[in-house]
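Below: one structure, written as structure tokens.
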Amino acid sequence: IPLPTALGQSCLTVNGTPIPLLFVSAGQVNAQLPLNVGGNATMAIHTPAGISNNFNFVVDSAAPAIFLTGTAGPETGLATIFRADNGQLVTPTNPLHAGDTVIIYLTGMGPTNPGVAAGTQTPASLLTSVTQPPVVTVGSSNLSVLYAGLVPGSISGLYQINATVPGGVTPGDSVPLMIS
């Protein structure tokens, strides 16, 4: 940290500016889109073989997406949603209950206050809350959001939401959790 803008003799630019890279291989590039990129944007990759054609795309101000990297015993690909009381992933055998506090790990929540530059470390001792507070629902019930922002001490771009599950939530293992 900070993440490099050149890796494996390659560089990815958005609107002509190099962006932080996480991983580069012959068939894949993982990079972090800075928060100051919004609306219409153009991306190109620069390698020893040359420069790619421009790729045009549109960036929303926020597009939350929960990470699906969790594992619990033989179960893999689980949403990274933890119960705060036991520190374990939410699973069919470790379900949510009314009154539980959950910790949701995700990306795409947009700008924070204070702002943190892409590819840098989030301050460990300072909470950086999102400027657009999310609404979190389970089924048709709104959760009470306690914190929504960058994970302290982590690479910028990794967000967490801490929220409390209200009473009256419909039970079941297929009740949708939504973040908007």
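The values are calculated or read from the model by the stated rules, or taken from the named source; none is laboratory data. As the structure is a computational prediction, the values presented were derived from the model and not from experiment. Don't worry about glycine lacking a Cβ; one is built from the backbone with ideal geometry, like all the others, and counts go over all protein chains shown. Please note that ligands, DNA and RNA were not included when accessible areas were found on the heavy atoms of the full protein model with its side chains. Shrake-Rupley method; radii C 1.70, N 1.55, O 1.52, S 1.80 Å.
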Problem set entry | Hey, Phe23 open to solvent by 50 Å² or more (accessible area, probe 1.4 Å), out of contact with any Phe, Trp or Tyr (no Cβ under 9 Å at 6 or more places or on another chain), outside any loop (DSSP other than H, G, I, E, B) and of a type outside the set (Lys, Arg) or not | yes
Exercise. Could you list, in sequence order, the residues of the stretch 145-163 that are modelled with pLDDT of 95 or more and either more than 23 Å from Thr122 (Cβ to Cβ) or of a type in the set (Val, Ile, Thr) (or both)?
Worked result: Val145, Val151, Ile161
Exercise. Just for the stretch 26-44: of the residues that are within 19 Å of Ala117 (Cα to Cα), not in a strand (DSSP E or B) and not hydrophobic (A, V, I, L, M, F, W, C), which one is most open to solvent (accessible area, probe 1.4 Å)?
Worked result: Asn36
Seminar exercise, completed: Subset of the stretch 129-169, residues assigned to a loop (DSSP other than H, G, I, E, B) and within 13 Å of Ile179 (Cα to Cα), comes to Gln132, Pro133, Pro134, Val135, Gly139, Ser140, Leu143
Exercise. How many residues are in contact with a Phe, Trp or Tyr (Cβ under 6 Å, 6 or more places away or on another chain), more than 30 Å from Ala6 (Cα to Cα) and either open to solvent by 70 Å² or more (accessible area, probe 1.4 Å) or part of a loop (DSSP other than H, G, I, E, B) (or both) when one looks only at the stretch 99-128?
Worked result: 0
Exercise. So which pairs qualify, if the first residue must be in the stretch 69-90 and closer than 21 Å to Pro171 by Cα, the second must be open to solvent by 60 Å² or more (accessible area, probe 1.4 Å) and assigned to a loop (DSSP other than H, G, I, E, B), the Cβ gap must be under 7 Å, and the two must be at least 6 apart or on different chains?
Worked result: Leu78/Leu68; Ala79/Leu68; Thr80/Phe67; Thr80/Thr69
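Looking only at residues that are part of a strand (DSSP E or B) and among the hydroxyl-bearing types (Ser, Thr, Tyr) in the stretch 72-98, which one is least open to solvent (accessible area, probe 1.4 Å)? Outline the logic, then answer.
Applying the first criterion (part of a strand (DSSP E or B)) to the stretch 72-98 yields 72, 75-78, 81-83, 88-89, 91, 94.
From the residues that got through so far, the ones that are among the hydroxyl-bearing types (Ser, Thr, Tyr) too are 76, 91.
Values: Thr76: 99, Thr91: 12 Å².
Looking at the filtered set, the residue picked out is Thr91.
Restricting the stretch 112-144 to residues that are of a type in the set (Gly, Ala, Ser) and touching a Gly at 6+ places or on another chain (Cβ under 8 Å), which is farthest from Pro20 (Cα to Cα)? Spell out the reasoning first.
Residues of the stretch 112-144 that are of a type in the set (Gly, Ala, Ser), as a first pass: 115, 117-119, 124-125, 129, 139-141, 144.
When the remaining residues are screened for being touching a Gly at 6+ places or on another chain (Cβ under 8 Å), the result is 118, 124, 129, 141.
On the way: Ala118: 7, Ala124: 20, Ser129: 22, Ser141: 38 Å.
It comes out as Ser141.
Within the stretch 164-178, identify whether any single residue is within 30 Å of Val37 (Cα to Cα), in contact with a strand residue (DSSP E or B) (Cβ under 6 Å, 6 or more places away or on another chain), of a type outside the set (Asp, Glu) and at pLDDT 95 or above, and answer yes or no.
Our first condition is that a residue be within 30 Å of Val37 (Cα to Cα); within the stretch 164-178, this holds for 177-178.
Among the residues that remain, those that are also in contact with a strand residue (DSSP E or B) (Cβ under 6 Å, 6 or more places away or on another chain) are: 177-178.
Keeping just the survivors that are of a type outside the set (Asp, Glu) gives 177-178.
Narrowing further to those that are at pLDDT 95 or above: none.
No, the conditions are met nowhere in the stretch 164-178.
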For this session: Go through the residues of the stretch 49-63 one by one and say whether even a single one is open to solvent by 50 Å² or more (accessible area, probe 1.4 Å), in a loop (DSSP other than H, G, I, E, B), of a type outside the set (Gly, Ala, Ser) and more than 25 Å from Ser10 (Cβ to Cβ).
Result: yes
